Amino acid sequence: MVRKVKSGNLFHGISGLKNLLSRCYIGLIVLFLYAPILVLIVLSFNRSRSRVTWGGFTLEWYGQLFSNRQIMDALVTTLVLAFLSALIATVIGVLAALGIHAMRQRNYQIMMIFTNIPILNADIVTGISLMLWFVHFMPLGFGSVLIAHITFNIPYVILSVMPKIRQMNVSLYEAARDLGANAVYGFFRVILPQLLSGIVSGFFMAFTMSMDDFVITYFTKGAGVSTLSTMIYGEIRKGIKPEMYALSTIIFVTMFLILLAVNYWPEKKPAVREEQRF
Amino acid sequence: MINRLKSVNKRIWLSGPYAVWVFGFTVIPLCMIIRAALTAREGGFTTGNIVAIFDPIHLKAMLFSLEIAAGCTVLCILLSYPLVLAMRQLNMGKKGFMMFVLILPMWMNFILRILAWQMILSNNGILNFLLRSAGLGELSVANTGAAIMIGVVYDYLPYMMLPIFNAVAEINEDLIEAARDLGANGFTVFCKVIFPLSIPGLLSGIVMVFVPSMTSFVISDILGGGKLQLIGNVIEQEFTKSMNQNLGSGLSVSLMIFVLISMAFTMKNDREGKRSAIW
């Protein structure tokens, strides 16, 4: 009894130290990940156009941002591109995952290898190979970039939906069919709700990847189109327009708030998820 | 019942659009790049563009890329495990928080974030300002391999942390309890239980970090000061500056061959469905 209490105390002391170390380590990693973001946010309030000197606080760039046509055009292109490519990739990807899952072992593996190609291949190789193909039948522009983005987005959707399909309770769908639901009704009422979390995270990943892509866009875009990424790349030598920092800060803070809301919204999930697995 | 559903299998046709897409925009483009690689600039068949990877300049870039990629992968692994263990220690095993912290930075444009690192690391940048203020002297990492290394580790760390974290989060707590009851200390639990069960995540992480860190050209462009070239920079310049698409394609194809070989090597241990979800 005594020994137990002692070792309990000892354990408590060590685990207290461990907790402290753990906190410090997590703090350091977060600092590493967010330090450059902090720098960019500070720069968006910098009156000086130079990156290296602090010229005092200003909101000027936020004001000018919305009247800067070039930046606004690039923003619209980027958002439309991300939304459309994520949407189309999600539709094709979810259907593909359902189909691939029903395949026999060998075909299943072949399809999964093809699915992994755009993920495994270097972005630069994907971008170049698409560009070499596009020039044969279409002008490089918004359309070619959209196709390219869909191409690299589909695998993310498939990979996030596939685990949900594996866990799916097939009897529910069977029961619905037995009770007279047709295939389409059964799909929307029974299968889709079970896959929803995978579909949402797949769509979100695809959207994020598309927003953040530079390399593939750079090679497939042609002269007329520019996204925020390619615009920023073009400005590296000349110096980044301060409005760009302001815009990035707005996008970042918006996403921060959205993600915060989504993550800390009161959860309604049933506690016994595990038992539903098939 | 599963068998019935499997055998009916009209479901396979749902993947029709995707199969067409894969053929049109993955298979054919790869054939195009291979064709371009096997064509001499003046026309006619050649293997010269692919073998060109062994030219001293290209080989140097390739070896430097390998060095960066290997270093980046190892550093990401070494940084990821303590984080995952720390999260466990604090019972922060919830997936939501981790996703949040690691995905959020991607919403700040990646090139801007790398430019911010340039400002932090430059000789009269923020880091040196802090070090000088603390009386610790100065570092000159700007425009060196070290700066590139910091950049790639920064950019690809989430891709290593997430899959390892997911794999570890799935470990049944009872297994660890059991190991402890049988007298294993923390270190043994890690070596015999946590690490082996995290290997599927580790493999996903390696796949997601190694190739991109080897071929990135923007990071080396910005943080290497334009003097240090990764193989990605060489390929990019063949397309945008030297305008030799065939040589660029040839180098891409040899890069692809190398990637395929190394991935086949990594995936050999990775059986069907074992690789844990990346997200």
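What the table below lists for this structure:
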read-out: Between segment B:202-218 and segment A:217-236, the alpha-carbon center distance in angstrom; value: 23
read-out: Separation of the B:Asn124 and A:Thr58 label points, Cα + 7 Å toward Cβ, nm; value: 2.1
read-out: Theoretical gain in end-to-end length, B:Phe97 to B:Lys241 [0.36 nm per residue, Cα-Cα removed]; value: 47.4 nm
read-out: Kyte-Doolittle mean at least 1.0 and Cα axial length at least 15 Å: DSSP H helices in chain B; value: B:56-89, B:110-121, B:145-169, B:195-215, B:245-267
read-out: Square roots of five times the Cα gyration tensor eigenvalues for the protein assembly as shown, Å; value: 37, 34, 25
read-out: Chain B, relative contact order [Cα under 8 Å, separation at least 6], %; value: 29
read-out: Computed [θ] at 222 nm, helices only, for chain B once each DSSP H run of length n ≥ 4 contributes -39500 (n - 2.57); value: -21500 deg cm²/dmol
read-out: Dipole of segment B:52-267, positive direction: furthest Cα of B:Leu127, B:Asn166, B:Val84, with charges on the beta-carbon; value: B:Leu127
read-out: Spin-label model distance (nm) - B:Glu170 vs B:Leu63, 7 Å beyond Cα toward Cβ; value: 4.0
read-out: Check: chain B dipole with +1 on Lys, Arg Cβ and -1 on Asp, Glu Cβ, in debye; value: 720
read-out: Proximal charge balance of B:Asn109 [Cβ under 14 Å; K/R count +1, D/E count -1]; value: -3
read-out: Listing of segment B:181-211 residues, each with accessible area lower by at least 20 Å² in the full protein assembly than in the chain alone (probe 1.4 Å); value: B:Val207, B:Met208, B:Val211
read-out: Chain A - charge dipole about Cα centre, Lys and Arg +1 at Cβ, Asp and Glu -1, debye rounded to 20; value: 920
read-out: Burial ranking of peptide ranges B:197-207, B:70-80 (average Cβ count within 10 Å, highest at the top); value: B:197-207, B:70-80
read-out: Probe 1.4 Å, accessible area per residue of the protein assembly as shown, Å²; value: 48
read-out: Within segment A:8-117: Cβ-based charge dipole about Cα centre, in debye rounded to nearest 20 (Lys, Arg +1; Asp, Glu -1); value: 240
read-out: Length added when fully stretched, A:Leu20-A:Ser48, from 0.36 nm per residue minus Cα-Cα; value: 6.0 nm
read-out: Interface area, B with A, accessible, probe 1.4 Å, both sides summed, Å² nearest 100; value: 8600
read-out: Entries in A:Lys238/B:Lys60; B:Lys60/B:Lys227; A:Lys164/B:Lys10 that, when Cα-Cα distance is taken, lie over 22 Å; value: A:Lys238/B:Lys60
read-out: Which of A:His101, A:His136, A:His149 is most accessible, then next, and so on - probe 1.4 Å; value: A:His136, A:His101, A:His149
read-out: Alpha-carbon centroids, segment A:32-59 and segment B:236-254: separation in whole Å; value: 37
read-out: Relative contact order computed over chain A (Cα-Cα under 8 Å; 6+ residues apart), in percent; value: 28
read-out: Protein accessible area in the protein assembly as shown, 1.4 Å probe - carbon and sulfur %; value: 67
read-out: 1.4 Å probe, heavy atoms, protein only - residues of segment A:25-51 losing at least 50 Å² accessible area vs chain alone; value: A:Tyr25, A:Ile26, A:Ile29, A:Phe32, A:Leu33, A:Tyr34, A:Pro36, A:Val39, A:Leu40, A:Arg51
read-out: Alpha-carbon centroid distance for the pair segment B:117-165 / segment A:153-213, whole angstrom; value: 41
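The values are calculated or read from the model by the stated rules, or taken from the named source; none is laboratory data. For clarity, every value in this text was computed on a predicted model and none was experimentally measured. Virtual Cβ from ideal backbone geometry, glycine too; neighbours counted across all protein chains shown. Side chains included, ligands, DNA and RNA excluded: accessible areas come from the protein's heavy atoms. Shrake-Rupley method; radii C 1.70, N 1.55, O 1.52, S 1.80 Å.
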